[in-house]
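**Q** This is the structure I want to talk about, given as structure tokens.
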Amino acid sequence: MKRRSCLLASKCGGCEYIQERYEDELLEKYLVEEQYLSRFCRVSPILPSPEITGYRCKVQAVCGTLGGKLVTGIYRKGSHKLIPVRSCPLEDERATEAIAAVRTLASGYRLKAYDEDRGTGDIRHILVRCSSHYDEALVVLVVSSFDIPSLHDLAAALHQRCPFVKSVSLIVNTEKTSMVIPEGAEEKVIYGRGFIMDNLLSLDFRISATSFYQVNPRQAANLYRIAMNMADLRPCDIVIDAYSGTGTIALIAASCGAGEVIGVESNVEAVRDGEANARLNGLDNVSFVNADASKWMKDMAKDGMRASVVFLDPPRRGASEEFLAAMGRMEPERIVYISCNPETLGRDLRYIHRFLPYYAAGIQPVDLFPGSSHIETAVLLCRR
């Protein structure tokens, strides 16, 4: 496979493997997987991504000022130094086009980049989400105020320049924070519906500004196929999808023959998205609970609830011991653990092997983020 290249790779530091041959990248990632996971069972060969460039359907750009002009880019890894970026080989080309259009239009409307130190300016970040199945994109402008009158004109002009931009939203962020969208931030839709649609494994998903949705949807479909094969779902199964986000796994499980599926998620907006997506796809065997996964599992285990299959896809920090212990008390026959961090996955598997009656029956790494050091892994745990 041909070598990729990027002139900014040494400056931004975001793509550790972008200059390497893809075969070499996969080998290095596989060695990382073996380092943390081979003690539990054989690690299968890593599944390559069908696309190694242009796969990122979610792109965030920081706005700044250079030579008196508004520029967009990313912060250099581990710093707050803005590296201007006009294009990135990993991004969906529609996102690159939309960001360039916003940059041009903002200058035309005399909008300025937000200055965190002074608390002045208009636009702080540009977030673009693209559908992998439909020709649709959502643009979110993270701004200093909802009351910047030219933003409505900019949104209409943006759609004229980029017809695939179906929705434009505003979110206010004036906090001194590294978060693009602060928790609980209010959103104002100024063009379109406030969401776009995508299709994954024959299911339609509504994607809004804050929805959790994998950035490489085509490879995510392969990851979820693997997870469903591991789970071996049956009509009699009661399934729990912990850390369910917008319910991607829960909805796929519900469509793959599971009897009853419960998604547990602490973010109320994600739960609403999950419920909307269930209605959209006509799935009546799935429900969602707005709760902390660890506390909910602990309470349900105390009440004697049992599940036959548990999916968990926690954040990079992994699952808590409280969650893992509660999961064990529910006595599922099969557990499918999806992780984006081999190190915390290895830690959690050590706990499971030591304190719970489960063993790893299969480990499948999936390259969901070509060019970067991140690795996704699916693990099947069976009850002894």
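**Q** When the scattering of region 58-200 is computed by the Debye formula from its Cα atoms alone, each counted once and equally, what is log10 I(q)/I(0) at q = 0.13 Å⁻¹?
**A** Scattering profile of region 58-200, log10 relative to I(0): -0.52.
**Q** List the residues, sorted by chain then number, that are 5 or more residues from Val189 or on another chain and whose placed amide H is less than 5 Å from its amide H.
**A** Leu170
**Q** Still on this model: Determine, from the Cβ-Cβ distance of Ser202 and Glu175 and an R0 of 45 Å, the FRET efficiency 1/(1 + (r/R0)^6), rounded to the nearest 0.05. Mind showing how you got there, number by number?
**A** On the way: r = 40 Å, r/R0 = 0.90.
Calculated transfer efficiency: 0.65.
**Q** Going down the list Lys11/Lys58; Lys11/Lys188; Lys58/Lys176; Lys29/Lys112, which pairs span over 32 Å between their C-alpha atoms?
**A** Details: Lys11/Lys58 21 Å; Lys11/Lys188 35 Å; Lys58/Lys176 23 Å; Lys29/Lys112 41 Å.
As for pairs spanning more than 32 Å Cα to Cα, those are Lys11/Lys188; Lys29/Lys112.
**Q** For Thr248, Thr53, which order do you get if you count the other beta carbons within 10 Å of each Cβ and list the fewest first? Intermediate values should be presented prior to the final figure.
**A** On the way: Thr248 26, Thr53 18.
If I rank by nearby Cβ atoms, fewest first, I get Thr53, Thr248.
**Q** Still on this structure, please answer the following. Run the quick spin-label model on Arg350 and Ser10: label points 7 Å from Cα toward the beta carbon, then report their separation in nm to one decimal.
**A** Computed distance between label sites Arg350 and Ser10 equals 3.8 nm.
**Q** A follow-up question, please. Tell me, what HN-Hα J-couplings in whole Hz come from the Karplus equation 6.51 cos²θ - 1.76 cosθ + 1.60 at θ = phi - 60° for each residue of region 114-122, using x for Gly and Pro?
**A** 6, 9, 4, 5, 8, x, 10, x, 10
**Q** Turning to a different aspect of this structure: How big is the Kirkwood radius of region 176-256, worked out from every pair of different alpha carbons and given in Å to one decimal?
**A** On the way: mean 1/r = 0.0673 Å⁻¹.
After inverting the pairwise mean of 1/r, the radius is 14.9 Å.
**Q** I would also like to ask the following. So if I average 1/r over every pair of distinct C-alpha atoms in the chain and take the inverse, what Kirkwood radius in Å does that give?
**A** Working: mean 1/r = 0.0454 Å⁻¹.
Every distinct Cα pair counted, the radius reaches 22.0 Å.
**Q** What's the extension gain from Ala156 to Arg193 if we count 0.36 nm per residue and subtract their Cα-Cα distance?
**A** Gain on stretching Ala156 to Arg193: 12.0 nm.
**Q** Applying the Karplus parametrisation 6.51 cos²θ - 1.76 cosθ + 1.60 with θ = phi - 60° to the phi angles of region 344-355, what ³J(HN,Hα) value in whole Hz is obtained for each residue in order, glycine and proline being reported as x?
**A** Each residue of region 344-355 in turn: 6, 4, x, 4, 5, 5, 4, 4, 4, 5, 7, 10 Hz.
**Q** So, one more: Okay, helix-only estimate at 222 nm for the chain: each DSSP H run of n ≥ 4 adds -39500 (n - 2.57), divide by all residues, round to 500 deg cm²/dmol; what do you get?
**A** Numbers: 10 runs with 117 residues, N = 384.
Computed ellipticity for the chain at 222 nm equals -9500 deg cm²/dmol.
**Q** Another question, then. Which value, in nm² and rounded to one decimal, describes the direction-averaged projected area of the C-alpha convex hull of region 217-371?
**A** Values: hull surface 35.6 nm².
With every direction weighted equally, the projected area is 8.9 nm².
**Q** Provide the per-residue ³J(HN,Hα) series for region 29-45, in order, calculated from phi with Karplus coefficients 6.51, -1.76, 1.60 and θ = phi - 60°, each as a whole number of Hz, with x at glycine and proline positions.
**A** 5, 5, 5, 5, 4, 4, 4, 9, 10, 5, 5, 8, 5, 4, 8, 5, x
**Q** Hey, any idea what Rg/Rh is for region 306-384, computing Rh the Kirkwood way over Cα pairs? Show your work: numbers first, answer last.
**A** On the way: Rg = 12.3 Å, Rh = 12.7 Å.
Rg/Rh for region 306-384 comes to 0.97.
**Q** Among Arg56, Arg354, which comes first, then next, by fewest other beta-carbon atoms within 10 Å?
**A** Working: Arg56 22, Arg354 7.
Final ranking by Cβ density, sparse to dense: Arg354, Arg56.
**Q** State, as an integer percentage, the relative contact order of region 1-106 based on alpha-carbon contacts under 8 Å between residues 6 or more apart. Walk me through the intermediate numbers first.
**A** On the way: 112 pairs, mean separation 25.6, N = 106.
Value for region 1-106: 24 percent.
**Q** Another one. Can you order the peptides 267-273, 293-299, 40-46, 182-188 by their average number of other Cβ atoms within 10 Å per residue, highest first?
**A** 293-299, 267-273, 40-46, 182-188
None of the figures in this text is laboratory data; all of them are computed from the coordinates on show. What you are looking at is a predicted structure, and each value in this text was computed from that prediction instead of being measured. Note that each Cβ is placed from the backbone with ideal geometry, even for glycine, and that neighbours are counted across all protein chains shown.
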